[in-house]
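Report on one structure; see the data block that follows.
The values are calculated or read from the model by the stated rules, or taken from the named source; none is laboratory data. The model shown is predicted, which means the values in this text are computed figures rather than measured ones. All Cβ positions, even for glycine, are placed from backbone atoms using ideal geometry, and neighbour counts span all protein chains on display. Side chains are part of the model used for accessible areas, which takes the heavy atoms of the whole protein and leaves out ligands, DNA and RNA. Shrake-Rupley method; radii C 1.70, N 1.55, O 1.52, S 1.80 Å.
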Amino acid sequence: MSTTAPEQNHYAALDRRLLAATRAINILPTVAWPASLEQRMIAAYERGDYALPDVHYVRPDLAQVRAELAAIEREAETALAGDPIGDYLCRTAASWRIATQMLEAVGSAGVTAPSIALYGRPGDAIPGSQKSNLDAARYFVELSDELGADLLADDVCMDIPAETLRVDLGHTLDEFFGPGRIVVEVDPELTAKAAAGATRIRLRGGASFSEYDRHQLLAHEAFVHSLTALNGREQPLLASLARTSPRVTATQEGLAVFAELMSGAIDIARLKRISLRILAIDMALNGADFVEVYKYFRHCGQGSADSFHSAQRVFRGVPLGGGAAFAKDNVYLSGLLTVHTFFRWAFKQQRMDLLRYLFAGKLALHDVITLQPHFEAGTLKPPRWLPPWMQHVHGLAGKLAFSLFVNGIHMGQVQADELNLRL
């Protein structure tokens, strides 16, 4: 799709307005809990003192931001009617507008509805399936228990200090992206074990990491989240492709977990942890309070600190007494399954170009399809960097071909004697 210079200027101007408006929107920092509170509460819970945490938030005033986003939506919808870039700008502005409503309600149950609008509900159907995200979560928890995930987890050595891992990751990233392009830091106030931006990866201070953690951080944080952000910065027309808007969160997190799968950096215990969070969101929405959710994670085999952090993720920004939840963790499993389906479809259609475009910035799967003409015309640039596993097409094709075939095998219909097993 060719565009004239005036059209491209109009796209770029709207995109610059979008980026300027969203600088004031910081979703995770707004709903984050202070690390000092977590440390005190974890110690109390280990003693059996199960009082609800006392968490306070600062509500941002985003009324002007929301008005600007609504104006961008209107202009993108009318002036650029029929052009996929206009659709991209309209959808992206709309998702940020919903995020402003969510953040202005921080500390109240009013966070729940907009967070579900952005990230989905556990009971939502998985695209292309009659199963729900909740069904998938239960399946992976049951499967991990059958395979002895907790026993396997016991064999994992958490013997890499955050500072040691910082140095190690720094060397690896310098070799891949170029010296100094991504900085690795240790952050004692970080709630998650790790977080990634375009030029910075943070590790939680005081945490210890395993070799599995190292592989997951590279596959998930560095070679998806940071990589797509850096590729987005290379885009001459849509600079917003360098930032994760709420509407692309499911694709971004699904792609990051898929990357773990393709690079051999995921284990069944991690799938269980991801799935348990979805079940916990469902519990909270149905009335479970923070302590009940914490005890649920403990009952499922997680340690006290991990159980607290997992429960905290569910209750970020909302009251702790039950009936409310922050739904972001809902996207990890549904995103994984949807991205996996997209890769299989693209492989079957011999459209590796679409798979590469997925790394050209912070894109939703919908964008990869609709913006394809702009990639072909050169309006949008292909990715400068691809993850290591995407650079070996034959290996990727082999894994996806196997997935396509085994999808036709229904284990519920298979008897052990039909497999001609020999013990």
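With 5 Å bins beginning at zero, the pair-distance distribution over Cα atoms of the stretch 1-123 amounts to 2, 10, 16, 16, 14, 12, 10, 6, 5, 4, 3, 2, 1, 0 %.
Work out the length of the dipole vector of the chain about its Cα centre, built from +1 on the beta-carbon of each Lys and Arg and -1 on the beta-carbon of each Asp and Glu, and round it to the nearest 20 debye. All intermediate terms of the calculation are to be shown ahead of the outcome.
Working: 41 positive and 47 negative charges, 165 e Å.
Taking the Cα centre of the chain as origin, the dipole is about 800 debye.
Remark: spin-label model distance residue 185-residue 159 equals 3.1 nm, labels positioned 7 Å along the Cα→Cβ axis.
Diffusion coefficient of the stretch 61-212 by Stokes-Einstein, Kirkwood radius over Cα pairs, 37 °C, 0.692 mPa s: 165 µm²/s.
Over the stretch 122-256, calculate the relative contact order: mean separation of alpha carbon pairs under 8 Å at least 6 apart, over the residue count, as a percent. Worked out over the stretch 122-256, it gives 17 percent. Could you tell me what percent of the accessible area of the chain is made up of carbon and sulfur, with a 1.4 Å probe and every protein chain present? That share works out to 53 percent. Among the complete DSSP H segments of the chain, which ones combine at least 27 Å of alpha-carbon extent along their axis with a mean Kyte-Doolittle hydropathy of -1.0 or more? Helices passing the filter in the chain: 84-104. Take residue 181: with every protein chain present and a 1.4 Å probe, its accessible area is about 80 Å².
Could the peptides 115-124, 242-251, 309-318, 370-379 be put in order, highest first, of the mean number of other beta-carbon atoms found within 10 Å of their residues?
On the way: 115-124: 20.9, 242-251: 22.5, 309-318: 24.8, 370-379: 16.9.
Ranked from most to least packed, the peptides come out as 309-318, 242-251, 115-124, 370-379.
Using all C-alpha to C-alpha distances in the chain, build P(r) with 10 Å bins and read off the rounded percent in each one. Here the calculated profile for the chain is 4, 20, 31, 28, 13, 3, 0, 0.
Quote the FRET efficiency, to the nearest 0.05, computed for residue 43 versus residue 376 with a Förster distance R0 of 56 Å and r equal to the Cβ-Cβ distance. For residue 43 and residue 376, the calculated efficiency is 0.45.
Over 32 Å between Cα atoms: which of 272/381; 131/362; 193/362; 348/381 fall into that group? Don't skip to the answer; put the middle values down first.
Working: 272/381 37 Å; 131/362 27 Å; 193/362 22 Å; 348/381 24 Å.
From the list (272/381; 131/362; 193/362; 348/381), the Cα-Cα distance tops 32 Å for 272/381.
What does the convex hull of the alpha-carbon atoms of the stretch 283-367 project to on average, in nm²? Before the final figure, lay out the partial values.
Numbers: hull surface 30.1 nm².
Answer in nm², one decimal: 7.5.
Restricting to bridges with both residues inside the chain, how much of the DSSP beta-bridge set is antiparallel, in percent to the nearest 5?
Details: 6 of 11 bridges.
Antiparallel bridges: around 55 percent, rounded to the nearest 5.
Taking label positions 7 Å along the Cα-Cβ direction at both residue 59 and residue 129, the computed distance is 3.8 nm, reported to one decimal.
Note on residue 113 and residue 146: with the Förster distance fixed at 35 Å, the Cβ-Cβ geometry gives a FRET efficiency of about 0.45. Note on the stretch 153-251: along the principal axes its Cα atoms extend 47, 30, 24 Å, ordered by decreasing extent.
Here is how the number arises for the chain: DSSP H runs of 4 or more residues each give -39500 (n - 2.57), the sum is divided by the residue count, and the result at 222 nm is -17000 deg cm²/dmol.
Please report the relative contact order for the chain, taking Cα pairs under 8 Å with a sequence separation of at least 6, and give it as a percent rounded to a whole number.
Dividing the mean separation by the residue count of the chain yields 20 percent.
Which shape class applies to the stretch 85-148: rounded if a/c is under 1.5, otherwise prolate when a/b exceeds b/c and oblate if not, where a ≥ b ≥ c are the square roots of the Cα gyration tensor eigenvalues? Here the stretch 85-148 falls in the oblate category.
A full extension of the chain between residue 172 and residue 28 corresponds to an added length of 49.1 nm, given 0.36 nm per residue minus the alpha carbon distance.
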